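A short worksheet on the structure shown next.
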Amino acid sequence: MGKLIRRYKHYSLMLFVLLSPHSLFADTTSTNFYQCETDKGVVFSQFPCSKDAKLKTISTFTPREIRDTSIDVKSLNKIQYQQRIEIVESRLSASQNKVRVLKRTQAKQQIQEEQKLERMMSKQDKATTKKQVTLELKNINIKYNKLVKAEERKLSNLTKELNTLKKRK
C-alpha cells in the first residue's frame, strides 16, 4: 500500500511539473463533470447522475501569446542553405579526388605497358610488342582522357553551383 501511495505522489509531482510551465505561457480553464454507468451506457452530466458517479475534470489551455515563427523559418532556411553549400563542397572534393585517382591509374597502366618493351627479347618480338604497346597506350589514353574530361565537366558544374550559392548569401 505504501508503494502505491508513493507512486501516486510521484505521478502527481510529475503532473505538477509538466503542467506548471503551461500556466506561465497559457490561461488554464478547468471544468468538472460526472461520469455514470447506466443501462443505456456511459452518461456524462454536470450533476451526479447515480450513486457511483465519478467526478472527472477536463482542462483546456489557451496560449496567452502566439509566438512569431518567421524567425524559426529564417533560421531553418539558413541552416538548409549552409547544408547545401557543404554538400556541394563535399561533392566537389570527391570529384577532385576521383580525377587524381584516374590520372594515377592511367600513369600506372602506361608504365606497366612501357615496361613490356624493356624485357629481353628478339628484335622481331620487340617490334611486335612495340606495336601492341603503342596501341594499348593509345587505348589507355583515350579511355582515361574521356573519364577525366567527364569528371572535369562535373567539377566545373559543381564549382559554378557553389559560386552561385555563395553569391546568394
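Computed from the coordinates by the stated procedures, all read-outs in this text should not be read as laboratory data. Quick caveat, the model's predicted, so the values are computed rather than measured. FYI the Cβ positions are ideal-geometry reconstructions off the backbone, even for glycines, and counts take in every protein chain you see.
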| task | Just name one of I85, N97, L137: the one whose Cα is farthest towards the positive end of the charge dipole of the range 70-168 (beta-carbon charges, Lys/Arg +1, Asp/Glu -1). | result | L137
| Net charge contributed by nearby residues that have their C-beta within less than 15 Å of M120 (K/R +1, D/E -1) | +3
| query | For the range 70-168, with only Lys/Arg (+1) and Asp/Glu (-1) charged at the beta-carbon, what is the dipole magnitude about the Cα centre, in debye rounded to 20? | reply | 240 debye
| query | Hey, can you rank 28-38, 59-69 by average C-beta count inside 10 Å, highest first? | reply | 28-38, 59-69
| Just the C-alpha atoms of the range 70-168: what Rg/Rh do they give, with Rh taken as the Kirkwood radius? | 1.35
| request: Take the cross-link list K78/K160; K78/K154; K126/K154 and give me the ones stretching past 30 Å between alpha-carbons. | output: K126/K154
